[in-house]
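Trainee: I'd like to ask some things about the structure below.
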Amino acid sequence: MFKFNKLFISLFIAIIAVVSCNDKKKVQVVDTEEENFTGEIKPNGKYAVVDFSADFMRSNPDFESSLENQLLMGTIVEVSDSSGSWLKVMSPDPYKGWITDMGLVRMNADQISNYINAQKYICTTSITRIYENPSEGSNAVSELIMGDLVLQEKANQVGDWVKVSLPSDRKGWVKESYIQSFAQWIEEKDFAFEKPTFLQNELVSTARKFLGVPYMWGGTSIKNVDCSGLTRSVYFMNGILLPRNASEQGRIGEEVSELDLQKGDLIFWGREKSGDKPAKATHVGIYIGDSRFIHASHVVRISSLDSSAPDYYDRKPLFYRRIINSIDKENSGVNSIKNSPFYFSK
């Protein structure tokens, strides 16, 4: 009995350590020289497009290795290596890892160029399905979640259903109210960049859609997220690309004080500076006003910076950063989806 209890306690402690969202991913540092990643589509490059609603990127070519990231359907990745049925890829973050080839569609540079220029829809609802026929009574072709990209089909309207195709050319039908023209959507987001107050409110509104989503290490989707996966997903759905993890997100945009916090600003916690060791962010949340913020800790939830509040988050923030004033500015680290060659041709 003692041995059993000791084992149970050890397992419990290990689980709690994972759920705490210390964003110390072992593959988050991109060696751009090793990977020769330029952030551009190269004429002789090897590429693939994600075909699953949310595909898993792992640290090694093994299902038992740690989950480090999720990539949404329609995301273009650059392929640098292979091992059996696994491909080593670089995502637009940039972030490297391994994905099983079952969830990827291999393409050369010309095919990728055609794919980028093709008309697409973006899924704007949380979770839905693509069906074989324009009826929820037919078989499902695929799950479709917020942020997924699918290709438009010609002569594609039947009532309130729209015909679409996946990167693998599997075809099906989805309710029109759940998707939007990707080009139109991105123009709306680009227009919002010029209206900071509107964009701030949109960020808060998007973040609230994730409330209750369970925490999962490496998650970056509406189904499950870690702390930096939440912030990245919220900003992505507002037309803005953020780096993958908290430490990288803590180096972009502009630093602001707690007294100057505005909706949509990022709040960071982590290791304080000690001797020669600089401060390092390991947790991040989104400020929503009135001393409150949304973050992924056990579950996506609202907490408070106010020590007298019942939902007070009893950790001292390291610093705060504003993102929306730095979009597409040189060396800001904040890029719009519209100006990413992995989403739109320049």
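Derivation of every value follows stated rules applied to the coordinates shown; laboratory data play no part. Keep in mind it's a predicted model, so treat the numbers as computed, not measured. Virtual Cβ from ideal backbone geometry, glycine too; neighbours counted across all protein chains shown.
Trainee: Relative to the longest principal axis of the chain, what angle (0 to 90°, nearest 10) does the C-alpha long axis of helix 182-192 take?
Mentor: So the helix axis and the longest Cα principal axis differ by about 40 degrees.
Trainee: Can you give me the distance in nm between label points at Asp328 and Phe191, each placed 7 Å from the Cα along the Cα-to-Cβ direction?
Mentor: Taking the simple label geometry, Asp328 and Phe191 are separated by 1.5 nm.
Trainee: Another question, then. Measuring from centroid to centroid over Cα atoms, what is the spacing of region 132-178 and region 47-100 in Å?
Mentor: Comparing the Cα centres of region 132-178 and region 47-100, I get a distance of 24 Å.
Trainee: Something else about it: For Lys277 and Lys154, calculate 0.36 nm times their separation in residues minus their Cα-Cα distance, and state this gained length in nm to one decimal.
Mentor: 38.6 nm
Trainee: Would you mind classifying region 118-185 by shape? Square roots of the alpha carbon gyration tensor eigenvalues, ordered a ≥ b ≥ c; an a/c under 1.5 is rounded, otherwise it is prolate if a/b is larger than b/c and oblate if not.
Mentor: The shape class here is rounded.
Trainee: Taking 8 Å as the Cα distance limit and 6 or more residues as the minimum spacing, I'd like the relative contact order of the chain as a percentage.
Mentor: Relative contact order of the chain: 16 percent.
Trainee: Quickly work out the Tyr312-to-Asp260 label distance, labels modelled 7 Å from Cα along the C-beta direction, and quote it in nm with one decimal.
Mentor: Going by the 7 Å Cα→Cβ label model, 2.7 nm.
Trainee: Determine the relative contact order of region 107-210: mean sequence separation of Cα pairs under 8 Å and six or more apart, normalised by residue count, in whole percent.
Mentor: 26 percent
Trainee: What nm distance separates the two modelled labels at Asp110 and Phe344, each placed 7 Å from Cα along Cα→Cβ?
Mentor: Calculated label separation equals 2.7 nm.
Trainee: Shifting gears a bit: Would you please give the FRET efficiency between Ser168 and Phe198, computed as 1/(1 + (r/R0)^6) with r the Cβ-Cβ distance and R0 = 30 Å, to the nearest 0.05?
Mentor: 0.20
Trainee: In addition: Please arrange His295, His283 by counting, for each residue, the other beta carbons lying within 10 Å of its beta carbon, fewest first.
Mentor: Ranked by crowding around the Cβ, least crowded first: His283, His295.
Trainee: Quick one: which residues, 5+ away or cross-chain, put their amide H under 5 Å from the amide H of Val299? H built at 1.01 Å from N.
Mentor: Tyr215
Trainee: Got a sec? How would Phe344, Phe268, Phe182, Phe56 order by Cβ neighbour count within 10 Å, fewest to most?
Mentor: Arranged by neighbour count, lowest to highest, Phe344, Phe268, Phe182, Phe56 become Phe344, Phe56, Phe182, Phe268.
Trainee: Can you sort Thr100, Thr206, Thr75 from fewest to most other Cβ atoms within 10 Å of each residue's own Cβ?
Mentor: Sorted ascending by nearby Cβ count, the order is Thr100, Thr206, Thr75.
Trainee: Go ahead and estimate [θ] at 222 nm for the chain from helices alone: -39,500 (n - 2.57) per DSSP H run with n ≥ 4, summed, over the residue count, rounded to 500.
Mentor: After summing the helix terms and dividing by residue count, I get -6000 deg cm²/dmol.
Trainee: What are the ³J(HN,Hα) couplings of region 317-328, residue after residue, when phi is run through the Karplus curve with 6.51, -1.76, 1.60 and θ = phi - 60°? Round to Hz, x for glycine and proline.
Mentor: Once θ is set to phi - 60°, the couplings for region 317-328 become x, 7, 6, 9, 9, 9, 9, 5, 7, 10, 5, 6 Hz.
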